[in-house]
Structure formats: C-alpha cells, structure tokens
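The values are calculated or read from the model by the stated rules, or taken from the named source; none is laboratory data. Everything numeric here is computed off the predicted structure, so don't read it as measured data. Using ideal geometry, Cβ is built from the backbone for each residue, glycine included, and neighbour counts are taken over all protein chains shown. All accessible areas refer to the heavy atoms of the entire protein, side chains included, with ligands and DNA or RNA removed. Shrake-Rupley method; radii C 1.70, N 1.55, O 1.52, S 1.80 Å.
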Amino acid sequence: RGPDSYSDWNVVYAVPTEPGRCRLLVRVVFEVSKLPIPLKWVLSFAFTKQPTWWTHLGTHQILEDDNPFLHAQGHAYRAGHATKLAPDWKRRLYMPTASDGMVVAFRRWLDAYSDGEGALWSRVAPTTETPLRRASKEEVLERYLSHVAHCSACSGALR
C-alpha cells in the first residue's frame, strides 16, 4: 500500500426475518487519516453529511446485485424441503473460501440448536409445508415494497 492509500471495511449482517426475506445491517468504515486533504474532505462529506436516503440509493444498488443469486441459493439450500432447511446443505452449497467460515459456523449452530427449523427468532415460524415460490427477476430486484415502504428516510424523501 502506498502512503496516500486508505482502507475500508464493509460489514454486512443479514438477519432472517421470514422465509425469503432478511433485514440487512450495514456498516461502512473508512480509514481516511492517511488521505490527502481534498480527498479526505470529500469522503468525510460523502458519508457524514448526505441524507440517509441518498446513501441508501447507492448502497442498496450494490447489495441488490446479489439478490438473484441469493434467491436461487435459498432455493438450493431448501431443495424441496419446503421451509425446513435441507439437512445436506454442506453438500449443496459451495463455500470454498476462508471468508465463508462464519457462514458455515452459523449454519452448524442452527443445525445444532434448531433441529433444522432455521432462525427461531424469525417473525414467521417455519411450519408450512408449502414450498417457497420462485420469484421473477423483477420481483427479486423490486425495491419499493422490500425497502422504501419500510424505511422512514426513503419513504419520507419520496413524499
């Protein structure tokens, strides 16, 4: 790394709230102390003085790129087991990197303490035996009902 470089960390937690949905908690941290003054000011302004809805426009666009993949992954994970989690998930999902370690550890914990039922703190108990419906690409990428209607900053800006 050069003397004028910086580090950034993007920490994203996805907490399941119901089958096919989760709440994302995102924290972006920039180490700007080593940056030259004009760039340091620009980054500081961009992430501290902008309205929340403006930040959501850019942040969510990046995160939404993964939605079709995550939707398909959820169906591969359940694999015909309706809302119950597939017991052979380790064989079904490809997670080759060290960064996948926390996901694997979390899934093992769920297996051990939920008897394959999934996130017990979810608002929707996984009791139905009706398989989850595969959504279209448009439904998966839809933002109004999945975010704006529930976000006070974004719905306020829309009004």
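To keep it simple, each residue is scored yes or no on (1) over 21 Å from Ser152 (Cβ atoms); (2) out of contact with any Lys or Arg (no Cβ under 8 Å at 6 or more places or on another chain); (3) open to solvent by 40 Å² or more (accessible area, probe 1.4 Å); (4) at pLDDT 75 or above.
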site	(1), (2), (3), (4)
Val26	no, yes, yes, yes
Lys40	yes, yes, yes, yes
Lys49	no, yes, yes, yes
Leu63	no, yes, yes, no
Phe69	yes, yes, yes, yes
Arg91	yes, yes, yes, yes
Asp100	yes, yes, no, yes
Selection count where residues are assigned to a helix (DSSP H, G or I) and either within 17 Å of Ile62 (Cβ to Cβ) or at pLDDT below 90 (or both), scope segment 145-157: 5
Members of segment 28-38 that are of a type in the set (Val, Ile, Thr) and surrounded by 13 or more Cβ atoms within 10 Å (Cβ to Cβ): Val32
Single residue of segment 120-144 satisfying the filter (in a loop (DSSP other than H, G, I, E, B), of a type in the set (A, V, I, L, M, F, W, C) and within 23 Å of Asp65 (Cα to Cα)) that is modelled with the highest pLDDT: Ala135
Where a residue in segment 32-46 is within 17 Å of Trp9 (Cβ to Cβ) and without any contact (Cβ under 8 Å) to a residue 40 or more places away in the chain and its partner, wherever it lies, is open to solvent by less than 60 Å² (accessible area, probe 1.4 Å) and part of a helix (DSSP H, G or I), with Cβ under 8 Å and at least six apart: Val32/Leu43; Val32/Ser44; Leu35/Leu43
